[in-house]
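**Q** Got a structure here, written out as structure tokens. Questions coming.
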Amino acid sequence: MNLSDSVTSLKYVSSSYSEKLDRLGIKSVKNLLTYFPRSYTDSSHIDDIYGALIKFKDGVEEFTIKAKVDEIKSIRLRGGNRTLQNGQVSDKSGSILIQFFNQPYLTKALKYKQEYLFKGKIKQKGNQFTFYPTVFEEVKEEEESIHLGRISPEYALTAGVTKKWFRNRVKQALDLLKDNEIDLKELDNIDSLVKTNTIVEYLNELHFPENEKTLAKAHDALALLEMADVHLKVKNRLSKEIKKYEKLDIAKASKDLKTILKQIPFELTEDQNQVVSNLVEQLQDKKLINCLIQGDVGSGKTIVSFILAYIFAKQGIQAAILVPTTVLARQHFDNAKKLFSFDKDIIVDMASTENKKAEKSNLLIGTTAIIHRNEHLIDNLGLIVVDEQHRFGVTQREFLLNNLKQKKTPHYIDMTATPIPRSITEVFFSDIDVFSIKSKPKDRKRIKSYLVPSNKRKDGYRWIKDKILSEGNQAFWVCPLIDNSEAITSKSVKEIYTDLKKNLPDLKIEYLHGKMKKQEKEAIMKQFSENKFHILVSTTVIEVGVDVPNATIMVIENGERFGLAQLHQIRGRVGRGSDQSYCFVFTDDLPEAGSEKEASDRLHYFVSEHNGLKIAEFDLQSRGPGEVYGTKQSGIPNLKLAKLTDLGLIKKSKSLAEKAYNSGITEISLFN
Ligand code: ADP
Ligand code: MG
């Protein structure tokens with residue numbers, strides 16, 4: 001048998017069982033063995049019957065005992081089909097009555113004089129003590145017990161699969177492994193990496209641990225391998241060598257850089273300067289640019305892409321700046337046109353599905369969707385900038401680069417305001433230069449943020465109205481939904497729009513959402529940026545990139561429905577000018593319990609913290625990478641043992657992966 005063989009090759013895995021296992025993602029023996037326990041129960045402490053009775057009098061309720069069956073019989077209860085199974089068990093210290101309810105098969109299953117482990121509660125009636133076992137396991141001479149009298153695994157199972165059955169299958173597979181009836185070639189390579197124990201021993205230990213210490217050791221070893229596998233995947237992804245790309249005339253580039261810097265109406269911050277000069281240096285060294293620029297919202301990333309685009313365009317090499325929404329594309333287009341109006345050479349174009357080919361332009365601005373829909377629009381690009389990459393696009397980048405029809409690989413810049421914890425950059429961007437723009441333009445103030453419970457809603461309205469009327473500022477008002485939905489009780493754009501119209505009759509209010517026509521959206525955005533109305537109620541379409549410096553108030557409805565990184569993005573739409581800005585997070589009342597408590601903790605943290613990176617770390621810690629980044633879009637796998645927040649592990653596994661790679665191991669097959 002091989003590890004990759006179907007689970008049906010194990011005993012007692014019928015087709016109906018294999019369907020159920022399939023629901024858990026278990027198809028092969030290997031899948032079964034890497035379906036790790038989510039927790040353990042420790043029943044390793046065994047009492048004798050006498051000792052259990054003494055402890056019971058001291059208030060202890062639950063016991064594991066090891067005893068022989070003296071008697072077990074079934075009686076039918078009067079008036080019905082229900083039965084009781086009564087009997088007695090004993091060990092050297094004494095005996096005790098046992099009782100089960102409605103399990104007549106036990107008269108056969110429990111064998112006379114056979115020794116079992118039992119776990120359950122003792123109850124007292126008068127002078128009578130009765131033991132009510134909920135679990136039992138036969139004690140066998142040559143075999144270790146797996147359910148009782150030890151640390152036993154607990155798995156996340158599905159209907160129709162009992163934990164006893166599942167543990168037995170895992171045990172069976174492990175025994176086959178140990179007896180070498182499963183071909184271990186797949187694991188031989190890995191064994192050479194883990195020196196102290198074999199993988200089989202570690203697997204055995206993780207499912208059926210000897211003690212806490214050995215369990216921790218096995219866990220760490222396997223987590224290390226799992227993380228090493230992630231590194232190897234990244235390594236494999238990147239090993240494709242890229243030879244063809246545009247190499248720029250560097251003297252000209254330096255000259256053009258000076259020209260464009262003179263045209264920009266402000267001085268670059270130190271970090272902006274650093275990124276620009278670093279990238280120009282790379283061009284100087286004839287390197288392919290492949291980088292990620294991260295910086296808080298409003299830190300001034302966009303201008304960096306304009307500068308680079310200008311340098312390319314001036315050499316007759318087409319550059320494209322891609323953004324997630326048409327609203328943002330329009331805004332970038334307008335800004336770029338304004339900035340480059342001094343130079344007749346630069347033709348800026350909106351790349352939409354309508355204009356079929358934008359050959360003549362040397363700066364193309366559009367949404368990322370054009371890559372999917374209209375590949376012919378871009379077939380000779382020297383530089384691609386993907387701006388406001390909200391979910392950073394490991395996958396998107398690969399897709400993009402693989403789908404271009406052109407012969408040369410473009411230089412590539414990703415820009416994101418979603419701060420990426422260091423642990424993640426270390427793993428997933430090991431091949432990419434990561435730049436951070438930390439310093440904000442000089443005159444920026446910290447955005448004052450508040451959590452507003454529902455009983456303060458009206459006060460909030462009043463405050464906002466006064467502020468807008470007295471100081472001429474504008475407000476964004478973000479809702480999770482467009483329409484009211486019966487399934488989800490969250491505020492919708494239409495509901496809030498109607499509510500605000502009624503409650504704030506002195507203010508001009510408009511709304512915006514993703515389902516509106518492109519022209520409508522653009523028109524509304526334009527009017528808003530020209531200060532034609534006060535409040536823009538919208539969905540998160542305004543989440544990314546939109547720049548309206550006069551908007552200084554951000555209201556977020558149902559804050560609990562957003563992730564922290566996303567809230568931070570939304571908040572970043574204000575605080576772009578020199579005026580003091582405010583963010584109000586309206587929430588429905590959050591009880592102090594369970595997941596809701598967690599939501600409330602997150603929101604409290606959010607209003608008190610303004611450092612995007614810290615917020616991202618908090619988000620990653622409290623919700624895990626799958627929730628925060630979405631495993632599909634980001635290309636971050638669901639890890640079983642390893643933690644993406646564990647920097648120590650990441651470091652260790654990286655050097656392990658290095659060693660593995662050099663000795664010809666390209667994957668840790670156990671986790672694939
Ligand atoms: P980001 O893309 O990082 O969210 P933007 O590039 O949209 O930020 O910049 C936010 C605002 O700050 C814009 O209005 C931009 O013109 C302005 N800005 C950018 N860099 C500077 C700077 N160095 N000094 C002053 N204002 C700046
Ligand atoms: Mg931007």
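**Q** Which one of these does L248 not meet: (1) touching a residue at least 12 places away in the same chain (Cβ under 8 Å); (2) open to solvent by less than 60 Å² (accessible area, probe 1.4 Å); (3) part of a helix (DSSP H, G or I); (4) more than 27 Å from I636 (Cα to Cα)?
**A** L248 satisfies all of (1) touching a residue at least 12 places away in the same chain (Cβ under 8 Å); (2) open to solvent by less than 60 Å² (accessible area, probe 1.4 Å); (3) part of a helix (DSSP H, G or I); (4) more than 27 Å from I636 (Cα to Cα) except (3).
**Q** Another question, then. Scan region 27-42 for residues that are β-branched (V, I, T) and open to solvent by less than 50 Å² (accessible area, probe 1.4 Å) and jot them down.
**A** V29, T34
**Q** I've got another one for you. Considering every residue within region 229-241, establish whether at least one is at pLDDT 85 or above, surrounded by fewer than 18 Cβ atoms within 10 Å (Cβ to Cβ) and under 19 Å from K651 (Cα atoms).
**A** no
**Q** Taking region 553-590 on its own, how many of its residues are away from ligand 1 (no atom under 16 Å from the Cβ) and basic (K, R)?
**A** Looking only at that region, the number is 1.
**Q** So which pairs qualify, if the first residue must be in region 562-576 and aliphatic (A, V, I, L, M) and modelled with pLDDT of 85 or more, the second must be within 14 Å of ligand 2 (Cβ to nearest atom) and open to solvent by 10 Å² or more (accessible area, probe 1.4 Å), the Cβ gap must be under 7 Å, and the two must be at least 6 apart or on different chains?
**A** Partner pairs satisfying both residue conditions: I570/E543.
**Q** Considering only region 297-324, how many residues are within 16 Å of ligand 1 (Cβ to nearest atom) and open to solvent by less than 30 Å² (accessible area, probe 1.4 Å)?
**A** 16
**Q** Something else about it: Among the residues of region 493-527, write down those that are farther than 17 Å from I464 by Cα and hydrophobic (A, V, I, L, M, F, W, C).
**A** Within region 493-527, V493, L512, M516, A523, I524, M525 meet the criteria.
The values are calculated or read from the model by the stated rules, or taken from the named source; none is laboratory data. None of the values given here were measured: they were computed from a predicted structure. For neighbour counting, all protein chains shown are included, and Cβ atoms are generated from backbone atoms with ideal geometry for every residue, glycine included. Quick note on the areas: whole protein, heavy atoms, side chains included, nothing else; ligands and nucleic acids left out. Shrake-Rupley method; radii C 1.70, N 1.55, O 1.52, S 1.80 Å.
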